[in-house]
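The values are calculated or read from the model by the stated rules, or taken from the named source; none is laboratory data. Quick caveat: nothing in here was measured; it's all calculated off a predicted structure. Note that we place each Cβ from the backbone using ideal geometry, even for glycine, and neighbour counts take in every protein chain shown. We work out accessible area using only protein heavy atoms, side chains counted, and drop any ligands, DNA or RNA first. Shrake-Rupley method; radii C 1.70, N 1.55, O 1.52, S 1.80 Å.
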Amino acid sequence: MTTQTVPTQEKKGGLFANFKFPSAYTILFILIALVALLTWIVPAGQYDRQMNEDLGREVPVTGTYQAVEGNPQGVIDVLLAPIDGFYDHNSYEAAAIDVSLFILIIGGFLGLVTKTGAIDAGIERVTHRLQGREEMMIPILMALFAAGGTVYGMAEESLPFYTLLVPVMMAARFDPLVAAATVLLGAGIGVLGSTINPFATVIAANASGIPFTDGIMLRAIMLVIGYGICVAYVMRYARMVREDQSKSIVYDKYEENKAHFLGNQDVGSLEFTTTRKVILAIFGGSFGVMIYGVSVAGWWMAEISAMFLAATILVGLVARMSEEDFTNSFIDGARDLLGVALIIGIARGIVVVMDRGMITDTILFSAEQMVTGLSSVVFINVMFFLEILLSFLVPSTSGLAVLTMPIMAPLADFAGVGRELVITAYQSASGLVNLITPTSAVVMGGLAIARVPYVRWVKWVAPLLAILTLFCIVCLSIAALI
């Protein structure tokens with residue numbers, strides 16, 4: 001007889017027996033308030049900026065930092081930050097409203113497809129055919145996401161895959177965290193080991209004044225080895241959960257998640273009809289078109305949203321839904337992801353407060369002072385950890401490249417380090433941080449879709465981050481000595 005383990009929060013006794021960690025919304029609001037407090041403490045400053053024609057953006061100019069009049073952020077600014085976070089366009093990234101609308105349309109699309117029963121029927125067919133080999137989905141899917149990360153910096157466009165994969169993984173007797181880790185770690189290790197990623201490597205190389213192919217072999221090595229480390233970590237956990245569901249870090253939510261993602265359908269009760277097959281073909285084809293549009297055709301949120309809206313209408317026609325069923329299903333699906341859309345705007349509010357408080361360039365100037373005059377190995381490792389710190393403040397890989405590379409890359413010349421190694425330090429640091437940073441819409445949005453609490457994700461992934469950090473330090477140190 002199998003003994004079920006009592007979920008942690010149901011255990012009695014202890015000082016923190018009834019303690020419940022705050023939600024992602026509360027955590028983000030606290031961070032906004034803390035950054036606003038820093039604007040009263042950290043001196044305001046700014047670099048002069050000049051237009052970089054290759055990047056089409058203004059970049060900071062080395063040696064031009066100067067103190068400016070401060071703009072401390074008060075209570076009103078803190079309350080406005082999540083609102084402004086939706087609309088604010090800075091020189092680094094687009095407004096969060098684009099991503100949030102995309103999320104709502106994706107929610108409506110998924111709600112409609114789910115209503116047809118096509119996803120449930122498809123999951124039953126997949127799990128039946130993979131019976132005994134379900135865990136092989138993990139390395140295959142992580143390889144695909146890693147390819148997306150290293151080729152074009154797969155980020156926001158990965159969000160729809162969480163809703164797609166969680167039911168599949170749960171039907172295979174894994175848990176939502178396995179699905180979230182497959183997407184987030186897969187794409188994340190690809191970004192960490194970016195080879196030709198135009199939103200990280202290419203922008204950083206242009207800002208540094210070198211070809212983006214410089215240093216590509218080291219990044220490719222880091223990509224392959226890092227991928228192997230991540231796959232081993234996820235598969236070890238997945239096997240453990242499959243053998244004993246009580247080992248899942250979201251075990252206390254098992255029944256709730258099962259009802260949410262798998263519904264109450266009995267196994268084998270859904271017929272895999274021709275209509276459902278066609279709908280699944282449209283469903284899968286939509287993601288293929290999205291990937292092509294982003295990587296080849298230059299699409300972004302508006303174009304992707306329009307494409308999914310068209311796919312939604314097509315699914316409704318194929319399913320021969322009434323107008324009432326169509327609109328109700330779409331609205332219900334969008335409602336399910338409304339919380340995710342809100343999180344994205346709130347997360348962007350942190351960057352809004354920091355920029356308006358005029359402390360972003362001050363932090364960058366302090367980093368510039370810290371790395372001046374160091375030996376090659378010490379220099380590149382200090383640079384790596386400084387980029388980790390700055391990545392928390394600027395989660396956008398392209399934004400961080402535009403902000404830091406014009407300042408940091410020239411300093412490598414004085415330390416006897418190639419500028420390409422500075423780029424590798426920057427993108428590996430950014431890749432690491434963007435696996436956990438609460439200022440990232442991808443992290444907070446993806447975990448919200450998968451219904452994995454942020455704090456539990458951080459606790460689970462912390463050992464892997466320590467391993468990857470040590471791995472990056474070794475790679476950078478060896479490269480600095482060669």
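Below are the figures for this structure:
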item: Computed [θ] at 222 nm, helices only, for the chain once each DSSP H run of length n ≥ 4 contributes -39500 (n - 2.57); result: -22500 deg cm²/dmol
item: For the stretch 92-480: lysine pairs under 28 Å (alpha-carbon distance), excluding those fewer than 8 apart on one chain; result: 8
item: Cα-based Rg / Dmax (Å) for the stretch 318-362; result: 19.0, 59
item: ³J(HN,Hα) computed for each position of the stretch 418-429 - Karplus, 6.51 cos²θ - 1.76 cosθ + 1.60, integer Hz, glycine/proline x; result: x, 5, 5, 6, 5, 5, 5, 5, 4, 6, 6, 5
item: Per-residue HN-Hα couplings for the stretch 381-394 [Karplus 6.51, -1.76, 1.60; θ = phi - 60°; Hz; x = Gly/Pro]; result: 6, 5, 4, 4, 6, 5, 5, 4, 4, 5, 5, 5, 7, 10
item: Simple Cβ-charge dipole of the stretch 300-446, Lys/Arg +1 and Asp/Glu -1, about Cα centre, in debye nearest 20; result: 220
item: Unit charges at the beta carbon, dipole of the chain: most positive-side option, Leu411, Phe330, Ile210; result: Phe330
item: Alpha carbon centroid spacing (whole Å) that separates the stretch 349-387 from the stretch 182-226; result: 21
item: Accessible surface of Trp299 - all protein chains present, 1.4 Å probe, nearest 10 Å²; result: 70
item: Sparsely packed trypsin sites (Lys or Arg not before Pro) within the stretch 98-206, loop by DSSP, other Cβ within 10 Å at most 16; result: Arg133, Arg173
item: Stretch gain in nm, segment Met240-Ala462, where the contour uses 0.36 nm per residue and the Cα spacing is subtracted; result: 78.1 nm
item: With DNA, RNA and ligands ignored, accessible area of Arg49 (1.4 Å probe; Å², nearest 10); result: 70
item: Most positive-pole-ward Cα, Leu390, His260, Ser430, against dipole of the chain from beta carbon charges; result: His260
item: 0 to 90° range, to nearest 10: angle between helix 454-481 axis and the chain longest Cα axis; result: 40
item: Estimated distance in nm for a label pair at Gln66 and Val382, the labels positioned 7 Å out from Cα along Cα-to-Cβ; result: 2.7
item: C-alpha long axis of helix 360-371 to longest principal axis of the chain, angle in °; result: 60
item: Cut-off under 5 Å, modelled amide H: who pairs with Ser440 long-range; result: none
item: Percentage relative contact order, the chain, counting C-alpha pairs under 8 Å, at least six apart; result: 27
item: Phi to ³J(HN,Hα) by Karplus 6.51 cos²θ - 1.76 cosθ + 1.60 over the stretch 374-380, Hz, x for Gly, Pro; result: 8, 5, 4, 5, 5, 4, 5
item: Difference of contour (0.36 nm per residue) and Cα-Cα distance, Ala232 to Val75; result: 51.9 nm
item: Solvent exposure ordering (accessible area, 1.4 Å, most first) of Ile138, Ile221, Ile282; result: Ile221, Ile282, Ile138
item: Accessible-area composition of the chain, carbon plus sulfur, in percent [1.4 Å probe]; result: 63
item: The stretch 92-480: Cα Rg divided by the 2.2 N^0.38 Å rule of thumb; result: 1.02
item: With all protein chains modelled, accessible area of Asp413 [1.4 Å, Å²]; result: 90
item: Among 241-247, 424-430, 358-364, the order from most to least packed when residues are scored by Cβ within 10 Å on average; result: 424-430, 358-364, 241-247
item: Dipole magnitude (debye, nearest 20) for the chain, charges at Cβ of Lys, Arg, Asp, Glu; result: 1420
item: Amide proton proximity set for Glu58, modelled H, under 5 Å, gap of 5+; result: Asn52
